[in-house]
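A.B. asks: I am attaching a structure below and will ask some questions about it afterwards.
The values are calculated or read from the model by the stated rules, or taken from the named source; none is laboratory data. Predicted, not measured: the structure shown is a model, and the values here were computed from it. We place every Cβ from the backbone using ideal geometry, glycine too, and count neighbours over all the protein chains shown. Areas reflect the complete protein model, heavy atoms only, side chains present, ligands, DNA and RNA absent. Shrake-Rupley method; radii C 1.70, N 1.55, O 1.52, S 1.80 Å.
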Amino acid sequence: MDALSHKVALVTGAGTPSGIGWATAQALANAGALVVVTDVEHEPGPTADVGIDALAAAIRGQGGDAMAVPLDITDRAQIDRCVAMVSEHHGGVDVVVNNAGTSAGARPFLEITAAEWDASYRVNLKGTADVCQAVIPTMTERGGGSIVNVASTGGLGAEAGFGAYTATKHGVVGLTKTIAAEFGRAGIRCNAVCPGFVATRMHTEATERLAAAAAIPVDEMAARRYEAVAQGRASTPDEIAAVIAFLAGPAASYITGAAIPVSGGTPVGL
Ligand code: NAI
């Protein structure tokens, strides 16, 4: 039997085709879950035909089950409405993957603007915490559940130049442990995955930014970034999604409060 059949799984930030959330939604659907794919509503434009509706259609086209719900995790009222709607239609939520994130404020400390601090805090940390607060009561009612938060190797250690991102991802790891400690007896497990470099839009943009700052070609900057990685490369989104799906499912029944590097051996810094 599929590990997640008859389970309802909600994924935030799932609407970007190259992203970890997109790959995760597909991995959870492949494991048999009904997947609620959510993301902020993107401006109409050349990419308007992609996003959560396209993802839900792709999952259904492959024989899976999915529904698309627009959700900005910085808006608590939207989160509550989304969870209430899913609970009404499907009885509750069993799995949540807090994947939505922003690299705002990933820059040298003295250069971080107030707006970047706010965005980093509101999306990476408070948005993640709000989704957890909204789903835990329904998980408790159902006798348990599994929450997987997407942190970063920047949640385990620090290197220069990623200020607010590193600070808020450390917060995500602390939040993960707090929830694991408080709700273990309610049958709720909470873990974090800590990716290193993942070949997504966010990673490409960071490499481009660093290359511009160092006035070197992007390829050279990418090679420099991978030099210290034991496996010498970035991961694919699917490699992260596979670990998330494992943590979400019954094979990980005795893992909680863990922050697991999925990083090919990326050094975490200080
Ligand atoms: P991405 O930029 O492709 O995906 C991020 C998603 O979050 C997007 O779909 C975006 O629309 C969504 N999002 C942003 N603000 C939101 C909000 N307020 N409400 C709802 N959704 C929102 O980037 P990627 O790489 O797939 O990132 C996914 C997660 O993985 C993030 O939490 C990121 O910090 C983390 N991560 C990524 C790494 C990488 O190298 N790409 C490394 C370590 C962690």
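A.B. asks: Rounded, prolate or oblate: which fits segment 53-110, taking a ≥ b ≥ c as square roots of the Cα gyration tensor eigenvalues, rounded meaning a/c under 1.5, else prolate when a/b beats b/c?
C.D. replies: oblate
A.B. asks: Let me ask something else about it. Which peptide among 3-13, 226-236, 131-141 comes first, and what is the full order, when sorted by highest mean count of other Cβ atoms within 10 Å?
C.D. replies: With the highest mean Cβ count within 10 Å placed first, the list reads 3-13, 131-141, 226-236.
A.B. asks: Moving to a separate point now. Between Met85 and Thr236, what's the calculated FRET efficiency when r is the beta-carbon distance and R0 is 41 Å? Round to 0.05.
C.D. replies: The pair Met85/Thr236 has a calculated efficiency of 0.80.
A.B. asks: Where in the chain are the helices, taken as whole DSSP H runs, whose Cα atoms extend 27 angstrom or more along the long axis and whose Kyte-Doolittle mean reaches at least -0.5?
C.D. replies: 163-183
A.B. asks: Where the centre of each part is set by its Cα atoms, how far does segment 82-127 sit from segment 149-223, in angstrom?
C.D. replies: 13
A.B. asks: Roughly how many Å² is the accessible area per residue of segment 24-100, as a whole number, for a 1.4 Å probe?
C.D. replies: Solvent-accessible surface per residue comes out at 45 Å².
A.B. asks: Give, in whole angstrom and from largest to smallest, the semi-axes √(5λ) of the equivalent ellipsoid of segment 90-143, with λ running over the eigenvalues of the Cα gyration tensor.
C.D. replies: Semi-axes, largest first: 32, 9, 7 Å.
A.B. asks: Still on this structure: Magnitude of the Cβ-charge dipole of the chain, K/R +1 and D/E -1, about the Cα centre, nearest 20 debye?
C.D. replies: 700
A.B. asks: With a/c under 1.5 counting as rounded, go ahead and sort the chain into rounded, prolate or oblate using the C-alpha gyration tensor (a ≥ b ≥ c being the square roots of the eigenvalues; past the cut-off, prolate if a/b is larger than b/c, else oblate).
C.D. replies: Prolate shape, in that a/c is at least 1.5 and a/b is the bigger ratio.
A.B. asks: Of all accessible surface on segment 73-114 at a 1.4 Å probe, what whole percent is carbon and sulfur?
C.D. replies: Reported share for carbon and sulfur atoms: 56 percent.
A.B. asks: On to the next question. For Cα pairs less than 8 Å apart in space and 6+ apart in sequence, what is the mean separation divided by the residue count of the chain, i.e. the relative contact order in percent?
C.D. replies: Result for the chain is 19 percent.
A.B. asks: Given segment 167-270, what whole percent of its Cα pairs are spread farther than 16 Å?
C.D. replies: Roughly 65 percent, once rounded to a whole number.
A.B. asks: Once the piece of chain linking Thr178 and Asp65 is laid out straight, how much longer is it, given 0.36 nm per residue of separation minus the C-alpha distance between them?
C.D. replies: Taking 0.36 nm per residue and subtracting the Cα distance, the gain is 37.5 nm.
A.B. asks: Relative to 2.2 N^0.38 Å, what does the C-alpha radius of gyration of segment 148-208 come to as a ratio? Two decimals please.
C.D. replies: 1.28
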